[in-house]
Amino acid sequence: MCRTVAACLTVLVLTALSAHGQPAGRGDVSLAGQVELGRMVDLAAQRLKLNIEYNPADLKGQVTLRTEAGITDEELWPLLNRLLASRGFTTVQLPGRSAYSVVKLSEVANLPRVESGAGEVVPGYKTVVVRAQHRPAKELADSLSKVLSKPGGNITPLGDGGLLIISDLSAGVDAATALLERLDTPGPGAIVEEIPVRNLSAQQLATLIAQVTAKRDALGVQKVPGDVVPSPDGQSVLLVCPEDSALFWREQIAQLDRRDQAETVTYSPRYFPAADVAKLIEQTVKTTATGADERWKLVVDDLTGSLVITARPVQHEQIRALLERLDATPATARRPVRTFVIKNRGVKEIQGILEDLLQAGVLDAAAEQIASSPGPASTTGATSGAPVTISLPPPPATSAPGTSPLMPKSDSQVSAGRTATSGSVGAGHSGTQDRPLVLTADEGTNTLIAVGEPRLLSQVESLLKTLDVRQPQVMLEVLMVTLTDGQTLDLGVELERLTSAGDARIRLSSLFGLGIRGSGGDRTAGDASGFTGVVLSPGEFSIIVRALQTLNEGRAVSMPKLLVTNNQAANLNSVVQQPYASVNASTTVSTTSFGGTQDAGTTVTIKPQIAEGDHLLLDYSVSLSAFLGAASNPNLPPPKQENSVTSVATIPDGYTVVVGGIDLESRSKTTSQIPLLGDIPILGEAFKSRNKTQNSSKFYVFIRANILRNRGFDDLKYISDRAVADAKVDDGWPEVKPRIIR
């Protein structure tokens, strides 16, 4: 219902005008004259079938329209929104509502819902969400904000996914989306190119290019897109830029990658150790001259006692000056005293090895080569080729004319040096100052005292790191087993017949030693072992039967254990000495004296050498001997049997292996019989005696080696504890028992 008469008349006029003279279905509206703004809202709601909410008090005033040609329903809604915007109002759709609301532009922020554009009548003020496909959303937001209305228009990037929220009058939003289509186009293709650096390090070159680019941008010059970053290996830089600007960045890299060339030079210190000289150079030359120069490189060549240095020419000048100052040091200051505590070997043994090297000229070979080198120093620059060797002139001689501290020693000098090293070192020893190195051993503290040039002392220290090392120990278990197996079978029959023929007495016998003849002339079995049987008719006949089988099985085991250090020989002897007499007879007297002893038992000699893998090289000799019985004569030693194994073999660590053995077997069969009668089947068994003997003897040697590598001797302690427990020996440690404390 219209609120006033004037309002009702206006609606009727607008309705009549809209229907007058228009073809059916066209929907054109002709407006002319002064029209109230509120009535325009009502007309749009009626024509477009929309629900519009507004406050009539806010929409006061009239607008002048001249639409003689008429406007369609589609054109009516945009016209209304333009009229409202000119008066500071607009239409919006609130979230969750289908009606349109007329609100002030100053209050429209965050009110409208996000438009989906799915066939609805678009309000005058709307919010849309668009996505940038090719360019960053933040960069596009700056450009799109230029076409939005002020105030009222707003554009906000949403996260890093390229989304943009655009809120403005419909015309402003349409203009922004149209501009977005023009701006959000694919840019030129980007390239990633690796460019090697020649002079500067990768980090230095990238930092320098970044600094130059920042200065260039500060001058207002057009910015060239791209970036230069150091590669992970430090030998090149990575160029990341569009294809059309790659040439510019390549020229920048080539222009800035320039500095003075580096040279590689080899220096040979005369008297001081190369490692100590290298530390001095690092502390003086590199710190003061190179800064962050990554080309600086110092390598200590321990094989030749030289230094290989890569640096700039100005740095090489400082190094040469430093070496000349060191070589000009007086001889007395170049002979310090060093003590080396020998921890794992005998000091005399180490001293002997070093003296042999010194006598052979191995230790001071480098010094002799330097002393005989040509005079003036010579050097040539090198940037990437072979190193340059710097040969400095020899220092002034400090010894007698014609001699040099580093000249090769004569035989007499070497002999004197060997004698001096056995005692103390002092000024009173002749020729001490002429020798570059003097060694003395203090056996009380197992310390090696060395007096000489620092370079030689450094060589001695390096050698001691290899020589004075604790060798692992080896627990050796030698198992010697003797197996004997014997079988003897004796079977025989004796017959004896007594008869007479007239005055003649006849005795017929088949005797094999089975019985003995008694006092009455008859044979009896006696005390013979085994089964015996006697059939006796005194004065007529006797029959003796004997059967004996002997079985012998023997096993003798000898298992010595030895703990020995690597590359050391271990000996174990467990022997029994059997004495025997000696008789000296003459025509008048006979003298019996001690003739000596015969030894029998176990003898083991083993020298292990631990190889690279889990195996050992054994040099062993194993012998097992035993007496076979009593001596046949008191003046002779008893008979003895000895089995021995001697060889060099490789065995695995911790595994029992057989390293040798002998297998003896003997068989014998003896038959004693009466000729012809013994060959008669069955009956012949009564006229014969049988003896069968079968003996077998086996001797084996097993060796098991366990390498004890634990540095805390835990493995040796474990083995010892088990042996102490088996032997039931008190180890001396107090037994701790728990006690209840109340």
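The values are calculated or read from the model by the stated rules, or taken from the named source; none is laboratory data. Treat the numbers as computed from the prediction; the structure is a model and nothing was measured. Here the Cβ positions follow ideal geometry from the backbone for every residue, glycine too, while neighbour counts run over all protein chains shown. Areas reflect the complete protein model, heavy atoms only, side chains present, ligands, DNA and RNA absent. Shrake-Rupley method; radii C 1.70, N 1.55, O 1.52, S 1.80 Å.
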Give the span of region 204-275's Cα atoms along each principal axis, as three whole-Å numbers ordered largest to smallest.
62, 25, 17
For residue 665, solvent-accessible area (1.4 Å; no DNA, RNA or ligand), Å²:
120 Å²
By accessible area with a 1.4 Å probe, ligands and nucleic acids excluded, highest first: order of 496, 139:
139, 496
Options 222, 209, 246, ranked by Cα towards positive dipole end of region 198-275, top entry (Cβ charges):
209
Sorted by accessible surface (1.4 Å probe, heavy atoms of the protein chains only), largest first, 207, 588 come out as 588, 207
Furthest towards positive pole of dipole, 618, 687, 648, structure part region 547-695, Cβ charges:
687
Please get the size of the charge dipole for region 687-727, origin at its Cα centre, with Cβ charges of +1 on Lys and Arg and -1 on Asp and Glu, quoted in debye to the nearest 20.
560 debye
In the full protein assembly as shown, how much of residue 736 is accessible to a 1.4 Å probe, in Å² to the nearest 10?
130 Å²
Stick to the Cα atoms of region 462-511, pair each with every other, and give me the Kirkwood hydrodynamic radius in Å at one decimal.
19.8 Å
Cα-Cα P(r), region 163-292, percent of pairs per 5 Å interval
2, 8, 12, 13, 11, 10, 9, 9, 7, 6, 4, 3, 2, 2, 2, 1, 1, 0, 0
A correct Karplus calculation of ³J(HN,Hα) over region 637-650, with 6.51 cos²θ - 1.76 cosθ + 1.60, θ = phi - 60°, whole Hz and x for Gly and Pro, returns x, x, x, 9, 10, 10, 10, 9, 9, 9, 6, 10, 9, 10
Sticking with the crude label model, points 7 Å out along Cα→Cβ, report the distance from residue 133 to residue 670 in nm, one decimal please.
11.9 nm
Starting from the residue with the highest accessible area, list 594, 340, 713 in decreasing order, probe 1.4 Å.
594, 713, 340
Within the accessible area of region 588-742, what % is carbon and sulfur when the probe is 1.4 Å and the other protein chains stay in place?
54 percent
What is the dipole size for region 141-210, taken about its Cα centre, with +1 at each Lys and Arg Cβ and -1 at each Asp and Glu Cβ, in debye to the nearest 20?
220 debye
How long is the gain from residue 215 to residue 238 if the chain were fully straight, where each residue apart is worth 0.36 nm and the alpha carbon distance is subtracted?
6.2 nm
By how many nm would the segment from residue 338 to residue 576 lengthen if fully extended, with 0.36 nm per residue of separation less the alpha-carbon distance?
80.4 nm
Taking the Cα centre of region 45-117 as origin, work out the dipole magnitude from +1 charges on Lys and Arg Cβ and -1 charges on Asp and Glu Cβ, in debye rounded to 20.
160 debye
Tell me the per residue accessible area of region 50-192 using a 1.4 Å probe; a whole number in Å² is fine.
55 Å²
Reported to the nearest 10 Å², residue 463 has, with a 1.4 Å probe, an accessible area equal to 60 Å²
Could you give the accessible area per residue of region 687-742, probe 1.4 Å, as a whole number in Å²?
82 Å²
Quick check: the distance between the Cα centres of region 682-730 and region 34-48, to the nearest angstrom?
124 Å
Taking amide H atoms as placed 1.01 Å from N in the peptide plane, list the residues 5 or more away in sequence, or in a different chain, whose amide H sits under 5 Å from that of residue 197.
236, 237
